[in-house]
Each structure stands twice: as structure tokens, then as C-alpha cells.
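The structure under discussion appears below in the form of C-alpha cells.
The numbers here are math on the coordinates, done by the rules we state, and not lab data. Bear in mind the structure is a predicted one, so any value in this text is a computation, not a measurement. So basically every Cβ, Gly included, is an ideal-geometry build from the backbone, and we count neighbours across all protein chains shown.
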Amino acid sequence: MSYELVNQSTEICRTFSRQSWTKALELARLYGWKPMGTLPPAIHQFYKHEADWNGTYLTNDGQTVKAEDADSLAAALERSLDDISNNRIQIDWSSKFWLDDDLPEWLSPEEKALIEEELEDGLLDILGTHPSDFFAGDEKRQLLEVIRFCHLGSFEIL
């Protein structure tokens, strides 16, 4: 699963993996972000007649992050940057976590890569990787991308 963040006023959108988005939110909270909660998607109000919305950031239902909240999220992530290593943190990917490649042969290389990426993301969840370790090294660019995007203002999570 991935998240597509869309800024309606600029028509800029960015796609982030489930792991990158959730780790960014976790990191922001560690650096002082106080989530305001999202606004419900318009379709939610229409079909559920103003039913209770829990303000989640972790679904892709079309909910809206307010500009003030997005800016606060970006500021918290910026505070974390000095504490994130530019060098990749080595994670133990020992063979006890992996099975032999038993993916069907008819899958394209791109499909296999996508499946393996999802498996790796799930493994990182199981291993409890700290967000600052997750964004170390090359992944720090993903974090910078989240920050830049959040500075654009209000956005929807699709």
C-alpha cells in the first residue's frame, strides 16, 4: 500500500510507501509534532451524514491535512535532520528472516521487486526499526521530500 499526497492548490502530488509515510509521522511526533487530526474526506460526510471521523493520517481515504498541521509536521521533521545519519544504518537481514525466492516465474522483474519491497517493509515493522535509523543514508532524501511537500500547505491523503 502506498500513500499519494496531493496538494490541490499547486496540483503537486507525491507518492510515498506505507513504511516511509508512517515512519515520517512517527519521527515527527518524536520531535514535537502534535497532530491536529485530518479533516474527513468529502465523500465520507456525504455518505455517512457527518458521522464521526477519527482524524487518521494512516488511511488513504482522501482526508485533508490542514496547512497549519502540514507546516508543523514539516518543522518537526526539520528538527530531526541533524540527528539522522547520512550513512546507512546496517540492518541485520540474516537468512533466518528470508525464505528462498519462491515467487512465481511468470512475474515480471518489476513485479518481483515490488513484492520484495513490500516484504522488506513488513520486516522492518517486525524488527521495530527506529525512524531515525529508517531514514539514515539514502532514505534521508525521502524525508526531505516529505518536508518540502508539507511546506506547500494543505494536502489530501489518497
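Near residue 38, the amide H atoms lying under 5 Å from its own belong to 55, 56; only residues 5 or more places off or on other chains count, and H is placed 1.01 Å from N.
Within the shell defined by Cβ-Cβ distances under 9 Å, the residues around residue 6 carry a net charge of -2, with Lys and Arg each +1 and Asp and Glu each -1.
Model label points for residue 15 and residue 112, set 7 angstrom from Cα along the Cα-to-Cβ axis, are 2.1 nm apart. Stretched out straight at 0.36 nm per residue, the stretch from residue 141 to residue 105 would grow longer than its current Cα-Cα span by 9.6 nm. Taking a ≥ b ≥ c as the square roots of the eigenvalues of the alpha-carbon gyration tensor, the stretch 5-86 is classed prolate because a/c is 1.5 or more and a/b outweighs b/c.
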